[in-house]
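For reference, the structure is listed below as structure tokens.
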Amino acid sequence: MTPDTLERHLVSRLKIKHLRLLVTVAEQKNIFKASQIMNMAQPAATKTIRDMENALDIILFDRSSRGVTPTPYGTVLIKHAKLILSQIKHVSEELISIQDGISGKVNIGTLLAASPTLLPKSLATLKRERANISVSVIEGTNDMLLPGLLMGDIDVVVGRLPEVQENEGLSSEVLYYEPIALVARKGHPLASKQKLSLKDLVNEQWILPSSGTTLRREIDNAFHKAGLNVPHDSIECVSILTNRTLLMETDMIAAMPYQVIRSYEDMGLLEQLPLKIKAELGPVGFTVRANSELTPAANYFLSILKQTALEMEKSK
């Protein structure tokens, strides 16, 4: 089948309900479950998929006793079906926004850097100003969130921007740069000292990030530049909740992003130590799909996000 013929078949044979069925079958990995969600009889769902395969002269799913899995052809078609359905959702939200004012839903992916202050403050302002905008927040790493962004499942990812932008089709904007600060429990003996150096801390117990992370490299470099070894009496941990509890219940020390520490300081849980590490973790910002129109609701959220970041920078 030539490219022109295949394109004509796609335009003339595929309907929105076909795209929804493809995506649902791929998500459920089972035609029966997908047919129930689509309110279709299973034979009708099976026939629809067979008709699509015959019309396009390709196999979309491999069948087995355990269910169905997309073939390479099916994977491509499902990927674009998701994007088409996402754009249809955006169209409906824009039409409703014209009628009723800005409304709709924003799906936000968040990384650790945005979670303590930037995102909560932005969401509080958003709901105060536009209560009819609903929000879904998904927390994870770039490896988890960026594929969802590319597929249209997520509208925007907020957090520390990756050092190397490996994904084509994405566009990022820097909001601010965040320094590292040292932190310990409230009332820690070292917190009352007027002057500290890394030499004073090298024999203390530390909570360190995992080897290979940006923050760990910055900590290691700071000790090496001071002619010191990295503290050996340490625990490697990246769980913020675990680290917070360890710091509160022991005399351990940790290096954290400034905004994370500030949120705990405001609650009276932790305290910064009087020593600055000359290092930055890289920019905090947001990432969206390139060359793709955002919904009015997502655009409104981004305008608030930018204003919140500006206010946070001024208050440093």
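Listing for the model above:
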item: Accessible surface, 1.4 Å probe, highest first, among residues THR287, THR48; result: THR48, THR287
item: Using θ = phi - 60° and Karplus 6.51 cos²θ - 1.76 cosθ + 1.60, couplings along region 36-45 (whole Hz; Gly, Pro as x); result: 5, 5, 8, 6, 10, 6, 4, x, 5, 5
item: For ASN30, residues with placed amide H under 5 Å, excluding near neighbours; result: VAL68
item: Nonlocal amide H pairs with TYR176, under 5 Å, H built at 1.01 Å; result: VAL284
item: LEU273 long-range amide H proximity, modeled H, under 5 Å; result: LEU182, VAL183, ALA184
item: Region 47-89 - percent of accessible surface contributed by carbon and sulfur, probe 1.4 Å; result: 58 percent
item: Nitroxide proxy distance, nm - points 7 Å out along Cα→Cβ at ASP143 and GLU129; result: 3.6 nm
item: Cross-link pairs beyond the 24 Å C-alpha cut-off, checked among LYS127/LYS306; LYS47/LYS89; LYS15/LYS79; LYS199/LYS276; LYS17/LYS47; LYS33/LYS127; result: LYS47/LYS89; LYS33/LYS127
item: Region 144-239 - percent of accessible surface contributed by carbon and sulfur, probe 1.4 Å; result: 48 percent
item: Computed [θ] at 222 nm, helices only, for the chain once each DSSP H run of length n ≥ 4 contributes -39500 (n - 2.57); result: -15000 deg cm²/dmol
item: The chain - accessible surface per residue (Å², probe 1.4 Å); result: 54 Å²
item: Debye, to nearest 20: dipole size of the chain, +1 on Lys, Arg Cβ, -1 on Asp, Glu Cβ; result: 540 debye
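The values are calculated or read from the model by the stated rules, or taken from the named source; none is laboratory data. The shown structure was predicted, so the numbers you read here are calculated from the model rather than taken from an experiment. Note: ideal-geometry Cβ built from the backbone for every residue, glycine included; neighbour counts use all protein chains shown. Note: accessible area is taken over every heavy atom of the protein model, side chains too, but ligands, DNA and RNA are not part of it. Shrake-Rupley method; radii C 1.70, N 1.55, O 1.52, S 1.80 Å.
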